[in-house]
1. Can you tell me the FRET efficiency between Lys149 and Ala121 if r is taken as the Cβ-Cβ distance and R0 is 45 Å, rounded to the nearest 0.05?
2. By its C-alpha gyration tensor, with a ≥ b ≥ c as the square roots of the eigenvalues, how is the stretch 116-231 shaped: rounded for a/c under 1.5, else prolate for a/b larger than b/c, else oblate?
3. Magnitude of the Cβ-charge dipole of the stretch 82-204, K/R +1 and D/E -1, about the Cα centre, nearest 20 debye?
4. Where in the stretch 39-128 are there chymotrypsin sites (Phe, Trp or Tyr not before Pro) that are in a DSSP coil and have at most 14 other Cβ atoms within 10 angstrom of their Cβ?
5. So how far, in whole Å, is the C-alpha centre of the stretch 204-260 from the one of the stretch 142-164?
6. Which loop-located GluC sites (Glu not before Pro) does the stretch 39-82 contain, where loop means any DSSP state but H, G, I, E or B and the Cβ has at most 11 other Cβ atoms within 10 Å?
7. For the stretch 174-254, build the charge dipole from Cβ charges (+1 Lys, Arg; -1 Asp, Glu) around the Cα centre, then report which of Leu218, Gly250, Ile196 sits farthest towards its positive end.
8. How would the stretch 213-262 be classified by its alpha-carbon gyration tensor: rounded, prolate or oblate, with rounded meaning a/c under 1.5 and the a/b versus b/c comparison settling the rest?
Amino acid sequence: MFRPLFIALAVTIAAGTVLFMDHKNETAAETLSPAQQENPLLAEWKGPYGGVLPFDKVRIADFKPSLERAMSNNLAEIDKIASNPAAPTFENTFIPLEESGQELSRASTFFSVWSSSMNTAEFQPVQAEMQPKLAAHYDKITQNAALFKRIETVYKSPATKKLTPEQQRLVKVYYDNYVHAGAALDQAKKTRLSEINQQLAGLYTKFNQNLQGEEGELFVQIDKESDLSGLPQSLKEAAAEDAKSKGKTGWIIRNTRSSTDPFLTYADNRGLRHRRFSRPRRRLGDPAA
């Protein structure tokens with residue numbers, strides 16, 4: 001489903017109340033081989049409650065080819081909508097827009113989880129490469145002149161007033177956000193805007209990686225088990241494993257919410273609150289940060 005990050009929430013809320021017909025987009029599935037359809041980043045999620053994400057099957061090596069294929073299929077879907085010879089209507093423009101990009105939505109969900117919560121040294125080069133490409137991809141969609149023309153035509157059409165309130169809201173959200181994203185600019189300004197968006201995507205990624213690297217090196221080392229009084233055994237064991245991973249003795253409380261929150265909540269750590277988090281001397285932005 002096409003949803004640039006900056007319009008995802010508004011469009012999702014608006015679309016959630018709309019009762020659409022049960023259309024199924026089989027375009028992407030038709031272009032995938034059986035092996036590619038089994039790719040956990042692209043495959044439909046199976047199970048209750050709309051499906052369960054197969055985190056245990058994800059490999060970092062799958063991210064780049066999966067995202068690139070999903071973006072390519074998404075652009076093909078968008079081109080099909082934009083080149084439709086029929087006059088623009090809500091049914092032939094907004095419904096297929098809402099149904100497009102489902103592969104990319106699934107792959108991007110995994111990509112976002114790895115970017116925010118599982119950002120390892122192995123994943124970071126993939127993130128640095130793909131984040132600007134994703135920004136460029138969404139710009140290609142919002143800057144598609146033929147597509148925007150269809151959106152604008154429906155938005156300004158008197159027939160739109162006969163749509164349900166939810167459908168009218170969806171049309172307005174799409175139109176407003178495409179305009180805000182630069183769809184009405186001339187080509188030179190569109191090109192410049194896309195360059196800026198890609199540059200920002202790269203800078204945001206670098207900053208977040210530096211920040212995560214800096215926070216990952218901060219910790220409190222504890223030498224006496226009595227200082228962990230009140231902490232569940234599972235968290236004590238995790239703190240001990242963290243210490244071993246850094247070649248330290250005792251226990252380590254990392255500067256992460258999953259470590260500090262239970263430690264400050266459960267442990268009888270009076271007398272420890274004055275301790276500062278330790279870290280190697282390193283400037284933010286250093287290659288190892």
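Just so it is clear, none of the values below were taken in a lab; they were calculated from the coordinates. Keep in mind it's a predicted model, so treat the numbers as computed, not measured. Note that we place each Cβ from the backbone using ideal geometry, even for glycine, and neighbour counts take in every protein chain shown.
1. 0.50
2. Here the stretch 116-231 falls in the oblate category.
3. With Lys and Arg at +1 and Asp and Glu at -1, about 500 debye.
4. Loop-located and lightly packed - Trp45, Tyr49.
5. So the separation of the two Cα centres works out to 53 Å.
6. Glu44
7. Looking along the dipole axis, the top candidate is Ile196.
8. oblate
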